[in-house]
Amino acid sequence: MSSLVALPILIPLVAAALMLVVRNLFAQRAISFVALLSSLATATAVLVDVWNTGDIAVSRLGGWPGSFAITLVSDGLSSVLVVVALVVTTTVLLFAVGQQTPDEHSPYYHPVYMALVAGISQAFLAGDLFNLFVAFEVLLMASYVLLTLEGNRAQIRSGTTYVVLNIIESVVLVMAVGLIFAATGTVSFAELPERIAALPDGVRMGLHLLLLVAFGIKAAVFPLFSWLPDSYPTAPSSASAVFAGLLTKVGVYCLIRVQTLLFPGELSNVVMIVGVSTMAIGVLGAISQHDMKRILSFHIISQIGYMVFGLGIGGAVAIAATIFYLIHHIPVKTSLFLVEGIIERNTGSSSLDDVSGLARKSPLLAVLFLIPAMSLAGFPPLSGFLAKFALVRGGLSAEQYIGVGVAIVVSLLTLVSMVKIWVGAFWGEVAPTSLINSVGVLRQHRSMATATAILVGFTLVIAVAAGPLYEFASRASDQLLNIERYISAVRSAS
Amino acid sequence: MSIWAFTLIAVLFAVGSYLLMERSLTRVALGVGVIGNGVNVLIIASGSDAGEAPIIGREGVLADPLPQALVLTAIVIGFALLTFLMTLAWRNWTITGNDEVEDDVEDRMITRRAEQTAKLGDEPHPEDVQT
Amino acid sequence: MVFFAAVVAHFAVAVLALIGLRRRPVIAACAGLVVLAGTALVVVTQAIGATSAPRKTIEWLPLLGFNFTFQVDGFAVVMALLVSLLGFGVLAYSIAYFEHDATFTRFVGLFMAFAGSMTGLVLAEDLFTMFIFWELTSVWSFLLIGLHDKSEVARRSAVRALLTTGAGGLCMLVGIGLLQNQFGTTSFAQLREAAPTGKMASVAASLLLLGAFTKSAQFPFHFWLPGAMAAPTPVSAYLHSATMVKAGIVLLARTAPIFGDTGVWRWWVVLAGVITMLIGGWRALRETDAKLVLAHSTVSQLGLLTVLFGIGSPYATYAGVAHLVAHAIFKAGLFLGVGVIDHELGTRDVSKIGAARRSVPVSVVAIGACLLSMAGIIPLFGFATKEKALVALLDAEFGLVGSIALWGIVAGSVFSVAYSVRLLHALVRTPNDSASNDEHHAHHEASALVRTTLAAPVVVAAVVSLGFGFAASTVGSWLVSPSSALDVKAVSKLALWPGINDALLISLVVIAIGAVIGWKAPLEDNSAQQPQGERVFDAVYDATIAGAKRITAVIQPGSLPIYVGVTLLLVSIAPLSATFVDGFGSLSGLTSGTALEASVSIIAIVLALGVAVLQSRFTGAMFLGGVGYAIAALFALRGAPDLAVTQLLVETLTIVVFLLALRAMTRITTRPVARFPQITRMFIAATVGIAIPLLALAARDARTAPSASQEYFARSVDEAGGRNVVNVILVDFRGFDTMGEIVVLAIAALGVANLVRAAEQHRRAAISVKEVAGS
Amino acid sequence: MIKSKILEELIDRWLTKVGTLVAIFITFRGHNAPGGGFAGGLILGAVFVLQYLAGQQPTIRRKPILNPERLLGLGLLLALVTTATPLFVGGAPLESYIWSITLPQIGKVKIVSSTFFDFGVFFVVVAVVLMVLTFLGTRGGAISHEPTDGAG
């Protein structure tokens, strides 16, 4: 299995390189799909193997011993996230191809998108702190290009905010990596835990905080999130959907690694406070907005808060809940952005002032929105409910009553904002300006609708298969907390 | 670490931070450049002691090659970032005739509305009343 | 399990109606009728002769104990029968009611989904299972209340209902979580065995009560129910009389035996119930819209049921079950009856509905019978159940709470008699302006079939109310099993004529006072203002949004320099805090360095300061290049020739890039009006500048472990085939980093190309626009 | 740009050739002495920059490289293929192999497979410099000198 671990990174990269040579649009689309589907196949094979054996699959690049080579480590958490990421990116690609604008607009859309996928996979798999930084750069650079794909005024303005703050993030991250090397003499995840534990308190705390700030910017936690709502709404919807669903989650994933592997259980109060304030501030931002994309963007922040809160609680139960939350939230958020993309494509606007009466025009679209929206608001029996309830249970058993209280209020406010979108965009008179084409909204954009439906279906599958999935999350959480296992798996990998 | 490296790092980070907080994108890019150099010096100065070039066969104490390799990668990535950022500034200029980062329109609107509501004595803006 | 299949069948019909049969809603409705009738049949056949209550668990997320558990005990049977039989009646009625309404498709689908959820809810033997269906009913009712979504009133009411019940649901969720954490179960039976006591139990019980109160529209959450009358009549009749509002009552009924003795519980339910009863009664007396009168009366009756089920005495429970059945029957009849009048006259104004006597006499008589049942007049069923309630509370020994409950109910009964009589008065009175009704009549000629379909359920409700009244003792014996399912001691009986006792005397006084008040109550009284509760809700809602905006305005100013400043401040806090933990001991680790290093460093420092001070873009770029060259020299001095060469070349290229981009721009950077004070910027910059090298020094000092490079030195020549270890690391040991790095470089180049192409495209578009304008 | 016949001649005749040779040399010797694909690529890149500044098309042996994207793709492919090939023969990605072959006259030569990776790096760096010159330089320059386009 370990030979397959690297493929979800290498296949998209090869595809990207090929597409620079082959510039025909049809060929590019074909290559993209083949690359993503084959990556998905290999990632799934790894996931199944990890699931069945409970082992950690390790690929040692260059074949050098795990203690000093760059390794790609696919434990429970990584393997499942890679699969989810590939499912999401594949469906979004289908959406983008249906939307046609991005890839017809620029011959670079497909190669850059592939690089983004490779970067995301690499970030999830990296077993080495510096390699993680490189993976971040790959996905960030790709996201810069995608965000400014059309190069119009709005995109340049928001792209600038995004680029500058993420460059700062990169600077902080590489600085943190350099200092961690200075203090420990290694950057390998397997070697770091023991050496970090031996450091004096102050240095350990300083390095820890630097990493938290770096990943906190990426994860968009309070007070480092401000770039997100200003930049995502202007991106092409196929790009913002991936960004919304995946990129912040890469940050959360890294926070999980920091809190479980590198600095286990340290500063958990800080993390928890950050989580709680993030969810509150995010949702307050969301209910202040009048534009669908901005509401949804602020919601990303709020939902990240939940995950960070779970991470702050710590312990096997809460971390399992966090992992489940992470898995559920990726497709939910992405599908909401896709629905928004369809709306914008049809009405030319994402402002609640311009759009209304959509439920009448396209009941199916209404359903496609309602399911993930209610999931996000935590309504049963959808996946969001399970995730939220699991987290609430974790918080209650850790006696974090304030956090749980905030989580509950935030949940209600989430409902408020989802209802705001629903009432504004889906109910009411059909706005005269909306719907350029009055016949069947979805019939016009079959593959956009299909892509959205696949993702919504995926969220439903997560709800139905919650039992085994949660069991997996729970095992992944146990794996995370068992650091020795990780270390020995990497060191003894062959 | 020598006192000179220490001071150099301090100055580079301070200058870089200062420039990053500017509105002009060119200045921000200069800030990125300065702070990027700061990081490179930081990694080398804190990661290894001075020594001979780490080429096997050379005399003397060889310097630690790993920080050098990391910094090499960081230098190139920094160049990539700067290039893109400057192109962004250039594109900004071709659109607006300046290279300044404007404030986000929607955010300013919310701010304005919040200020208005504060003045009107808690009367909500008509748009904000639920429908 | 057949019950589960029945629930699933509801949803199947719902999906069918919404997707498969969108053009043929009537067929979907008929399928729904079959399912509802089938469910009723299944329930009855299963219940008759069953010795034990069948029970079934379906695992969902066993690890957290999230499973569906259903149990068909007596109470579940009664509730399920109510849900499916009333559903049958309402759905049949709606086929006629929605005759020309395009929303019928949506109605049928949502209605069936709702009925399915409600059936699931009443069959649940587990708080968790109940909660799932509980929240589902909230969603469906939201969509049903907003069925006519073009009306703003409908939309607002739907939102109020959803947010209120949603808030309650969330409280309930926390309560369930607490119980589950504490006792490892959410099953009613197992919780009863665990007999929770103490602070945690009180908190959990209170949270569950909040859920029940919001759902059943108890004070102070009573406002959403009348608002929900914006929904079409069948929706109001079903959701707000028979089913959804009863969900809270079901929860109370199921949990009262568990929490009845946890101190807070009884006070909560009695106070909320009594206040609700009085407020609802008072408002019902004043409203002029017949449907709103009914809505407020429902609120009031729900208060009664809350007290009966919540107080936790066996007899009261029995009386509660009886009155719940009575109320469901007469209230459904009343709502549908008002719907008939509305359909006929086009108005529901109590001062005008008297005209209906002429056109739909049968329905009016039926409505009258239902009203009498609501007033608790012998021989209707409502009389028997209300008597039972009074008897039960007279017998109960709960001290002060018991007295409050008793006299609260007495006062509430006066109101219920009064508002029933007021409506009766409205029906028998001849309205003054009949002309407008005829006019309306002219263009509203409904077919005989439609009229019969509309009237039938009303008549059935009246007949049942009357029949049950006469057969009170028989019906009473049927209710033993349901109530004893809740509380084994709750065995009692009903009678049409209980004999002369305290309760009867109280009743007579109540009826007398109530009748006088009701008959005298003005029909035109129109103090039409938004109810207090709604206003409070709206004020809270608006204040929340306004507050959120104010906070967001501060936190999200939209200005990049501010974002950067905040981020940098945080970046510097990290190292500084570390320094304070460890002290400044590591400062002694500073060495003086060589003279060469010193001079190169000084050059770099001066150049860097120059970049900050100089306003010319071009010079700035040159100075930056200078800094880079100086640092390259520094690298060379430190034994890093590869680094030096690369730095030198990259720095040169950077200057070129700057030059290329700067060609378009003016030479001097403008100084825009900063919203960000200069001094703050300097402060932040200085903090970062001090903090970072301090941490670097401390980190350097803390190193005890050897560097990973030892391995590289050892293996470079033999295994990797190279002597330049840096290069071997780059292409072999850590070649994957290099891989990523060239990808970054490549994408950056593509990004540059992309932006330039975008500029070209926009330029072309602008030119062609100009040309079009020119020609 | 800089207009000077002599300079043009100088760059054309000498710098390009010498630069190319130096770049290749630096790339090759990287494994054992300072240098490598990066440095090599950057040196050749610097040559192109000089050509550009002198107002010439970047050329190698007077053949202009018209499509730098393709070169970029090929460079990436070369590096990636070197990375992935060991997977097909049962090794780890990026695993390096050393072949010793004896060439007539030159004698024993050690070929390390990671050298191919370094070539990939070399091409990518060259292509990136070329792209920046083509787009931000030539094509962007055509736009920069006009007033704002107002579009967008």
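Every number in this text was worked out from the coordinates using simple rules, so none of it is lab data. Because the structure is predicted, anything quoted here is derived from the model rather than measured. Neighbour counts are summed over all protein chains in view; Cβ atoms, including those assigned to glycine, are modelled from backbone coordinates with ideal geometry.
Against chain C, whose longest principal axis comes from its Cα atoms, helix C:244-259 is set at around 90 degrees. For residue C:767 and residue D:53, a Förster radius of 45 Å and the Cβ-Cβ distance give a FRET efficiency of 0.95, rounded to the nearest 0.05.
Would you grab the residues whose amide H sits under 5 Å from the one on residue C:349? Only those 5+ places off in sequence or on another chain, please, with H modelled 1.01 Å from N. Here the answer is C:290, since their amide H atoms fall under 5 Å of that of residue C:349. All alpha carbon pair distances within the range B:3-100 were sorted into 5 Å bins beginning at 0; the resulting P(r) in whole percents reads 3, 13, 17, 18, 16, 11, 9, 6, 4, 2, 1, 0.
Rounded to the nearest whole Hz, the Karplus-based 3J(HN,Hα) values (6.51 cos²θ - 1.76 cosθ + 1.60, θ = phi - 60°) of the range C:548-559 follow the sequence 4, 5, 5, 5, 4, 4, 6, 7, 10, x, x, 10, with x at glycine and proline. Net charge in the neighbourhood of residue A:369 (other residues with Cβ under 15 Å of its Cβ; Lys, Arg +1, Asp, Glu -1) is +3. Label sites at residue C:448 and residue C:587, each approximated as a point 7 angstrom past Cα along Cα to Cβ, lie 10.6 nm apart.
What is the sum of charges, Lys and Arg at +1 and Asp and Glu at -1, for the other residues whose Cβ falls under 15 Å from the Cβ of residue C:382? Provide the component values of the computation, followed by the final result.
Details: positive: C:331, C:386, C:388; negative: C:387.
Here the count lands on +2.
If you model the range C:659-743 as an ellipsoid using its alpha carbon gyration tensor, with each semi-axis the square root of five times an eigenvalue, the axes come out at 43, 25, 9 Å, biggest first. Of the cross-linked pairs C:386/C:489; C:493/C:520; A:293/C:770, those separated by over 26 Å at the C-alpha level are C:493/C:520; A:293/C:770.
Estimated purely from DSSP H runs of n ≥ 4, each contributing -39500 (n - 2.57), the mean residue ellipticity at 222 nm for the protein assembly as shown is -24000 deg cm²/dmol once divided by its residues.
The convex hull drawn around the Cα atoms of chain C, when projected onto a plane and averaged over every direction, covers 51.8 nm². A simple spin-label model places pseudo-atoms 7 Å from Cα toward Cβ; at residue C:573 and residue C:704 they are separated by 3.1 nm. Remark: the Cα gyration tensor places the range C:463-597 in the prolate category, a/c being 1.5 or greater and a/b exceeding b/c. Stretching residue C:264 away from residue C:602 to a fully extended chain increases their span by 114.2 nm, per 0.36 nm per residue minus the current alpha-carbon distance. Calculated over the range C:709-775, the projected area of the Cα convex hull averaged across directions stands at 5.7 nm².
Packing order of peptides C:652-659, A:64-71, B:50-57, C:40-47, highest average first: A:64-71, C:652-659, B:50-57, C:40-47 (average count of other Cβ atoms within 10 Å over each peptide's residues).
Given the pairs C:246/C:331; C:291/C:352; C:291/C:388, which are separated by over 18 angstrom at their Cα positions?
Working: C:246/C:331 12 Å; C:291/C:352 13 Å; C:291/C:388 28 Å.
As for pairs spanning more than 18 Å Cα to Cα, those are C:291/C:388.
Computed from the C-beta positions of residue C:52 and residue C:491 and an R0 of 30 Å, the FRET efficiency is 0.95 to the nearest 0.05.
Inside 10 Å of the C-beta atoms of D:125-131, what's the mean count of C-beta atoms belonging to other chains?
On the way: counts 8, 0, 5, 13, 6, 1, 10.
That average works out to 6.
Rounded to the nearest 0.05, the FRET efficiency derived from the C-beta distance between residue C:200 and residue C:683 at R0 = 35 Å is 0.10. Extension gain, residue C:719-residue C:535: 0.36 nm per intervening residue step, less the Cα-Cα distance, totals 58.3 nm. The shape of the range C:140-264 can be summarised by an equivalent ellipsoid whose semi-axes, obtained from the alpha carbon gyration tensor, come to 32, 13, 11 Å from longest to shortest. Taking amide H atoms as placed 1.01 Å from N in the peptide plane, the amide H of residue C:591 lies under 5 Å from those of B:2, B:3, each 5 or more residues away in sequence or on another chain.
Counting partner chain Cβ atoms within 10 Å of every residue's Cβ in C:594-602, what's the average?
Numbers: counts 3, 1, 1, 6, 6, 1, 2, 10, 3.
Across the residues of C:594-602, the mean count of other-chain Cβ atoms within 10 Å is 4.
The stretch between residue C:609 and residue C:411, if pulled fully straight at 0.36 nm per residue, gains 62.8 nm over its current Cα-Cα span. Under a 5 Å amide H cut-off, with hydrogens placed 1.01 Å from N, residue A:291 pairs with A:352 among residues at least 5 apart or on other chains.
Note down the net charge around residue C:137, summing +1 for each Lys or Arg and -1 for each Asp or Glu among other residues with Cβ under 14 Å from its Cβ. Walk me through the intermediate numbers first.
On the way: positive: C:215, C:246; negative: C:135.
With Lys, Arg at +1 and Asp, Glu at -1, the neighbours total +1.
Label separation (residue C:470 vs residue C:59): 5.5 nm, computed from points 7 Å beyond Cα along the C-beta direction.
Would you tell me the mean number of C-beta atoms belonging to other protein chains that fall within 10 Å of each C-beta in A:286-295, as a whole number?
Values: counts 2, 8, 16, 8, 6, 2, 0, 1, 5, 0.
That works out to 5 on average.
In chain A the Cα-Cα distances spread across 10 Å bins starting at 0 as 4, 21, 33, 27, 12, 3, 0 percent of all pairs. From the Kirkwood radius over Cα pairs of the protein assembly as shown, Stokes-Einstein at 10 °C and 1.306 mPa s returns a whole-number translational diffusion coefficient of 45 µm²/s. The region of chain C that goes longest without hitting one of the trypsin sites (Lys or Arg not before Pro) in a DSSP loop, each with at most 10 other Cβ atoms within 10 Å, is C:24-666.
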